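Structure first, then comments.
The values are calculated or read from the model by the stated rules, or taken from the named source; none is laboratory data. Just so it is clear, the model here is predicted, and its values are computed rather than measured. Here the Cβ positions follow ideal geometry from the backbone for every residue, glycine too, while neighbour counts run over all protein chains shown. Heavy atoms of the whole protein, side chains included, go into the accessibility calculation; ligands, DNA and RNA do not. Shrake-Rupley method; radii C 1.70, N 1.55, O 1.52, S 1.80 Å.
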Amino acid sequence: MTTPTVRRAVCPGSFDPVTNGHLDIVSRAARLFDEVVVAVGVNVSKNRLFTPDERLDMLRTACAGLDNVRVEGFTGLLTDFCRDRDIVAIVKGLRAVSDFDYELQMAQMNASLEPAVETVFVPTSPAYSFLASSLVKEVAAFGGDVSGLVPGFVHERLVQRLAERAAEAG
């Protein structure tokens, strides 16, 4: 008798900060796969608003209610991360045709590497089709209300961090 295979997927990103759109894709992936790993890209050469540890912490809190989801950081190739964890699919949310153009190239590259990992595209819910972390940060930096676009605790940390940065810039 063979043991059933656990179907694992990864939802990769920088999540700087995590938005309700990200969480929509993660929760939908959690319904499609046995396990989902939210993989936070840790690239110290990139200038992020939040540190890798802060982004990991916010995602762990945001995903706490999803029993089959765990959060990890990663560096290097996503396909290596997938191989090391027996992950069979990369789940990516698509907001627009422009996302598809870029993500299709990434999917084809990932499929050409060893191990080949399939990419599953999930269309973003219409309520979040415009949402991007970069836009959230920009609007919030100019005092716009983004409280409905991110979890409440993320909004608090975002406002606090932007105030710290503004004070440092003086």
Solvent-accessible area per residue for segment 17-127 (1.4 angstrom probe, square angstrom): 52
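At a 1.4 Å probe radius, carbon and sulfur cover how many percent of the accessible area of the chain?
On the way: 5050 of 9430 Å².
Percent of accessible area from carbon and sulfur atoms in the chain: 54.
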Pick the calculated Rg/Rh (Cα atoms, Kirkwood Rh) for this structure from [x] 0.98; [y] 1.32; [z] 0.96? [x]
Between segment 139-166 and segment 96-114, what's the alpha-carbon centroid distance in Å? 31
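Relative to the Cα centre, what is the charge dipole magnitude of segment 1-111, using +1 at the beta carbon of each Lys and Arg, -1 at the beta carbon of each Asp and Glu, and rounding to the nearest 20 debye? Before the final figure, lay out each step's value.
Numbers: 13 positive and 15 negative charges, 23 e Å.
I would put it at about 120 debye.
Using just the helices of the chain, give the 222 nm mean residue ellipticity in deg cm²/dmol: DSSP H runs with n ≥ 4 each add -39,500 (n - 2.57), and the total is spread over all residues, rounded to 500. List each step's numbers first, then the result.
Values: 6 runs with 74 residues, N = 170.
-13500 deg cm²/dmol, from helical runs alone.
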Calculate how steeply helix 20-32 sits against the longest principal axis of the alpha-carbon atoms of the chain, using the helix alpha-carbon long axis, and give the answer as 0 to 90 degrees to the nearest 10. 20
Given charges at beta-carbon only (K, R positive; D, E negative), |dipole| of segment 43-100 in Debye: 200
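Find the relative contact order for segment 1-106 and round it to a whole percent, using C-alpha pairs within less than 8 Å whose residues are 6+ positions apart.
Details: 132 pairs, mean separation 36.6, N = 106.
The value is 35 percent.
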